[in-house]
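Written out below as structure tokens is the structure these notes cover.
The values are calculated or read from the model by the stated rules, or taken from the named source; none is laboratory data. None of these values were measured; they are calculated from a predicted model. Here the Cβ positions follow ideal geometry from the backbone for every residue, glycine too, while neighbour counts run over all protein chains shown.
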Amino acid sequence: MAFARDDGALCADAFPLADIAAAVGTPAYIYSWPSVRARYAMLEAALADVPHRICYAVKANGNLALLARLARLGAGFDIVSGGELTRVLRAGGDPGRTVFSGVGKSTEEIEFAIRQDIAAFNVESVAELARLEAGAKRLGRSARVSVRVNPDIEAGDHPYIATGTKESKFGVPAAVARDIYRQAATSEVLEAVGVGCHIGSQINKVAPFKQALTSLLDLADTLSGDGLALRHIDLGGGFGVRYRSEEPFCPKELGRMVKDALAGRNLTLTVEPGRFLVADAGVLLTRVEYLKPGPNGRGFAVVDAAMNDFLRPTLYQAWHAIEPVLAPDAAEARWDVVGPVCESGDFLALDRELPLREGALLAVRGVGAYGFALSSNYNSRVRAAEVLVDEDRFRVVRERETMADLLRSETIG
């Protein structure tokens, strides 16, 4: 377990979090590389019986130190912007193992990715295919295409992260996908290599993935009848993690399912996990600034982290475990853990039983995914430091921002 107690003190692997906070300050994101590596190995083992490629979803956490270590493990990458491709390249990632998703790829992003010869563009509209073809012709290059199909599957997740229903902006229906493949087949610069989907996030059962895979294989068979043989099938990501009481996703069950479904087919499976690999590998350290009485028998614990540092509780009403880093010396009471941002929606946790004193150091768990990645400078607040624990030491892998950083690109005019 990446974060456990030793003699009452919460540690990141072998390092007391209180010592890390003393060295780097708060708020700070702390990541355990051994935890990420173990999750990656778990998924690799589960898929060992099928040809596969794990493409880490960079949007979950794009820290260069994590990307570089994942690249060294052999990971590919799933990107949704030109900026994320730049991060992958800076970290030493292989563009030939990188897929580009997203509904709004700009001309500049498309041409940048073509020049890098990425593994495939996950095309999400007829208009995108036309833009991709035009860009490839301008550059005198070719581009590989994998159409993202929307299989209209309700996976039971939060509406903001449900991406596989017909109301979603993502992907195209199977009938439209077939037309896109026909257009690609007539192009001198496009090569159709795969088909894929991404049905949502925080999916804890294998059944929705089986339903989606069945739909994709039906389309692949239809395309084969049209004379088009695909090379890979992309099942996306969205494998759920446990934040509170959710049933954890079972990679072994996924492995058994895809082994049966792909038996006898010459197809490589691509999966795009993000949260599954990094969520549990991160905590956010924050310190109590003030304790303030409140209504209904609970008070406000005002901490130095805020919604600009960690948006998930405000954006998704997400529940994250929060606990004192050191053995408490105060009585438990009910608290809303809130930040200093000037918004009523600025909170990290509501109505929690916690033993708190001013100055207490707290750890918010499960923040390795969509934590720092969603942070901002709202209220002119600098973004937190990021720290990586790796074997026998910890290191700052992103310095805390300064006000000079924030003002550097502005002028009075």
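For the reader, a short list of remarks on this structure follows.
- Residue match in segment 318-326 (condition: touching a residue at least 24 places away in the same chain (Cβ under 8 Å), farther than 29 Å from A404 by Cβ, part of a loop (DSSP other than H, G, I, E, B) and out of contact with any strand residue (DSSP E or B) (no Cβ under 9 Å at 6 or more places or on another chain)): yes
- Some residue of segment 293-311 being within 18 Å of the chain's Cα centre (by Cα), buried (at least 24 other Cβ atoms within 10 Å of the Cβ), under 30 Å from L47 (Cβ atoms) and at pLDDT 95 or above: no
- One residue from A127, A48, A68 being outside any loop (DSSP other than H, G, I, E, B) and either touching a helix residue (DSSP H, G or I) at 6+ places or on another chain (Cβ under 9 Å) or under 27 Å from Q202 (Cα atoms) (or both): A68
- When we screen D7, D49, D13 for residues that are acidic (D, E), surrounded by fewer than 22 Cβ atoms within 10 Å (Cβ to Cβ) and not assigned by TED's automatic domain parsing to the domain that holds V389, the only hit is D49.
For (1) at pLDDT below 95; (2) assigned to a strand (DSSP E or B); (3) outside the structural domain of S81 (by TED's automatic domain parsing), each residue gets a yes or a no:
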residue	(1), (2), (3)
D329	yes, no, yes
R334	no, yes, yes
D351	no, yes, yes
V364	no, yes, yes
E401	no, no, yes
G413	yes, no, yes
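- On the stretch given as segment 130-167, residues that are at pLDDT 95 or above and closer than 28 Å to Y243 by Cα total 0.
- Qualifying residue in segment 96-112 (condition: under 22 Å from A369 (Cβ atoms), at pLDDT 95 or above and out of contact with any strand residue (DSSP E or B) (no Cβ under 9 Å at 6 or more places or on another chain)): no
- Residue-level check: of (1) under 15 Å from the mean Cα position of the chain (by Cα); (2) farther than 25 Å from E386 by Cβ; (3) aromatic (F, W, Y), F112 misses just (1).
- Taking the criterion of being of a type in the set (A, V, I, L, M) and in contact with a strand residue (DSSP E or B) (Cβ under 8 Å, 6 or more places away or on another chain), the residues of segment 200-225 that qualify are I203, L213, L216, L217, L219, A220, L223.
- Of the helices (runs of 4 or more DSSP H) lying entirely inside segment 207-315, the ones with 1 or more residues being more than 30 Å from V389 (Cα to Cα) and among the aliphatic types (A, V, I, L, M) are found at 207-225, 251-261.
- Top-ranked residue of segment 92-102 - restricted to ones that are in a loop (DSSP other than H, G, I, E, B) and within 17 Å of the chain's Cα centre (by Cα), ranked as surrounded by the fewest Cβ atoms within 10 Å (Cβ to Cβ): G102
- Screening A120, A127 for residues that are closer than 18 Å to F170 by Cβ, of a type in the set (A, V, I, L, M) and out of contact with any strand residue (DSSP E or B) (no Cβ under 7 Å at 6 or more places or on another chain) leaves exactly one candidate, A127.
- Selection status of A65, surrounded by 21 or more Cβ atoms within 10 Å (Cβ to Cβ) and at pLDDT 95 or above: no
- Considering only residues in segment 365-380 that are farther than 14 Å from R312 by Cβ and in contact with a helix residue (DSSP H, G or I) (Cβ under 9 Å, 6 or more places away or on another chain), the one that is surrounded by the fewest Cβ atoms within 10 Å (Cβ to Cβ) turns out to be S380.
- Looking only at segment 193-229, and only at residues there that are hydrophobic (A, V, I, L, M, F, W, C) and in contact (Cβ under 8 Å) with a residue 60 or more places away in the chain, the one that is nearest to F100 (Cα to Cα): V193
- Out of V302, V278, sole residue that is hydrophobic (A, V, I, L, M, F, W, C), under 30 Å from G236 (Cα atoms) and in contact (Cβ under 8 Å) with a residue 24 or more places away in the chain: V278
- Matching entry among R287, R231, R256 (being of a type in the set (K, R), modelled with pLDDT of 95 or more and under 23 Å from I30 (Cβ atoms)): R287
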